[in-house]
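Taken together, the values in this text are just the output of simple stated rules run on the coordinates, not laboratory data. This one's a predicted model, so the numbers in the text were calculated from it and none came from an experiment. Quick reminder, even Gly has a Cβ in these numbers, built from the backbone with ideal geometry, and neighbours come from all protein chains shown.
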Amino acid sequence: MIGQIGLTLVELDEEATYLTRSFCLFEVCATVQGKADLLCLARNTLGSDDASERWNEMLRLPEIMQKVDGTKASCRSEEDQKLIAEYIQANIGFEHLDDFVKKAIIRGADRCRPDQFSIPRNDPSLIQRTYATFSFSDEKDEWDDAIERFCVESRTGSCTSKTKRW
């Protein structure tokens, strides 16, 4: 179904609640396996016109990713929790699930970097502004370095936009 829809947008709140829910972790896997696009935004990035603030929110993601643990994820329904856990265990395993989700979320966040898009909302001056007129090289380098460290530490290998080895 997700493959037919073609896109999943993950919006992470400050506590990254999305990553504590079994169905949400399953949804990330289904999105990638269904060859759909996955985008990931920190909720605080949606409310800011300040690109530096948006970069700072993104730089928190590698730290947040360390908390992903599918074995501790919960579900509203015990029956659904059991079905999801059985499916994960039979098809991917929880250790692989965690690594898979972490990498997918980082990729989705990389596609939503402040140097990749703007959030125009209702401000006419912001709508006309493009990020091509600003330099984000320092923030992008910091993002690439943070993601590289994350990938090395989580044993997923190199996965920054700098190296293009996802």
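A few points about this structure:
- P(r) tail fraction, region 1-117 - alpha-carbon pairs more than 20 Å apart, %: 42
- Pairs over the 18 Å Cα-Cα cut-off, from the set 35/67; 67/103; 35/72: 35/67; 35/72.
- For the peptides 58-67, 90-99, 25-34, the ranking by packing is 25-34, 58-67, 90-99, with the highest mean count of neighbouring Cβ atoms within 10 Å listed first.
- Paramagnetic label zone (point 7 Å from Cα along Cα-to-C-beta, residue 86; backbone N under 12 Å) in region 17-34: none
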